[in-house]
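These notes concern the structure reproduced below.
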Amino acid sequence: MPVLYLAFIIGMILVDIGGDASRLSHASTQAAEASALGSNMLVVRNALQAYLRANPAASGQIALPDLGLPGWFRPRAELRTWVQAGRTYVYYTPNQPKADLVSMLAGTPPGLTGFARNAQLISPRLQTTTPLPPIIPDNSIVLVS
C-alpha cells in the first residue's frame with residue numbers, strides 16, 4: 001500500500017510539472033504573437049505616414065497593397081488603416097484579448113497608442129482620451145499619428 005501512495009505522489013508531481021511547462025509555453029507563444037502584431041502595426045503605420053506625405057489629399061481607408069510595402073513583408077490581413085484630416089490610424093480588432101501594449105510594441109509604445117472605447121483612444125501613457133473616427137470598432141488596438 002505505501003508503494004501505491006508513493007506512485008500516486010510521483011504521478012501528481014509529474015502532472016504538476018507538465019502543467020507548468022504547458023503554461024510557460026502558452027505564455028511565451030502569446031508574447032511572441034503580440035510582439036509580431038505590434039511590429040506589423042508599426043511598419044504599416046510608417047508606410048501609411050509616407051503614403052500620406054506623398055498623397056496629402058488622401059482620406060478614408062487606404063488598402064495595405066497601396067502603401068508600397070516591400071514584397072517580402074506580409075502584414076496581417078486583419079490590420080486596417082484610416083486617414084482623416086491629416087491624421088493616420090492603424091488598427092487591429094482582436095477576436096479575443098491580446099497581451100498588453102508594452103509587449104506588443106516591443107518596449108515603450110508610442111504616445112498615441114491604446115484601445116478604442118466609444119470612439120475614444122484610451123492610452124496607458126496619456127491622462128486624457130483622444131477622439132477617434134467612429135469607423136474604428138470598440139476594443140481595437142490603435143496607433144495614431
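So here's what we get for this one:
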quantity: Heavy-atom accessible area order for 9, 62, largest first, 1.4 Å probe; calculated: 9, 62
quantity: Charge context of residue 52, other residues only, Cβ under 13 angstrom, K/R +1, D/E -1; calculated: +2
quantity: Point-to-point label distance, residue 117-residue 57, nm (Cα→Cβ direction, 7 Å offset); calculated: 4.0 nm
quantity: Inter-label distance for residue 95 and residue 78, nm, one decimal - labels placed 7 Å from Cα along Cα-to-Cβ; calculated: 0.7 nm
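The values are calculated or read from the model by the stated rules, or taken from the named source; none is laboratory data. Bear in mind the structure is a predicted one, so any value in this text is a computation, not a measurement. Don't worry about glycine lacking a Cβ; one is built from the backbone with ideal geometry, like all the others, and counts go over all protein chains shown. Surface areas here come from the heavy atoms of the whole protein model, side chains and all, with no ligands, DNA or RNA. Shrake-Rupley method; radii C 1.70, N 1.55, O 1.52, S 1.80 Å.
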